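Working notes, structure below.
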Amino acid sequence: MATIYDLPAYQLNFLADRQEMTHSIEGRVPFLDNNVAAFAAALPSALLTGDWAGKSLIRKAFARRLPSATLASQKKIFLSPPTAIDDVLRSDWGHHLMSRAVTDAVGVFDWRKLALLRTVAKAVPARSGLGTWLRTALTMMISLHALHHLFIAGGSRA
């Protein structure tokens, strides 16, 4: 029986995500069909903005074919496996991003609380409820720090 932890491996290995990520592309495999791409490219811009923006066009186009629960559903966040952040946090890059200097420069989180969160995360199994929650929080925090460092502070990863 598959677990929720099989999903990332399945997506990465069989749905083209690994190849897309290699080239910094976020793709949706069903929408990479040549006919679908040609159709979308030919649509007037009025059908891609306003009330039709985002997934509205797709929802309206498939309204007769999709269950009402699917049409009404909200977007759900998909995060990397909880253990992925552990390697990042152990790296020099991760240490830098979670340093007091970067934390203070970003100005969103309290450095002492982040340090405590990291310590607790090390002691809790990644695939427990608390471990997953802690690692999800740390992933979002380090991501914010990375974005700030790269695009606001003008830093680089090198």
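For the reader, a short list of remarks on this structure follows.
- Residue match in region 102-109 (condition: under 14 Å from residue 82 (Cβ atoms) and β-branched (Val, Ile, Thr)): no
- Residues that are free of Cβ contacts under 8 Å to residues at least 60 places away in the same chain, of a type outside the set (A, V, I, L, M) and surrounded by 11 or more Cβ atoms within 10 Å (Cβ to Cβ) within region 92-109 comprise 94, 95, 96, 99, 100, 103, 104, 109, listed in sequence order.
- Helices (runs of 4 or more DSSP H) completely within region 45-145 that count 2 or more residues being under 17 Å from the mean Cα position of the chain (by Cα) and not hydroxyl-bearing (Ser, Thr, Tyr): 84-90
- Unique match (being over 19 Å from residue 147 (Cα atoms), of a type in the set (A, V, I, L, M, F, W, C) and at pLDDT below 80) among 123, 61, 37: 37
- Test result for residue 114, farther than 30 Å from residue 55 by Cβ, buried (at least 18 other Cβ atoms within 10 Å of the Cβ) and modelled with pLDDT of 85 or more: yes
- Selection from region 54-96 of residues that are of a type in the set (D, E, K, R) and under 16 Å from residue 136 (Cβ atoms): 76, 86, 87
The values are calculated or read from the model by the stated rules, or taken from the named source; none is laboratory data. Nothing here was measured: the structure is a model prediction, and the numbers come from that model. Quick reminder, even Gly has a Cβ in these numbers, built from the backbone with ideal geometry, and neighbours come from all protein chains shown.
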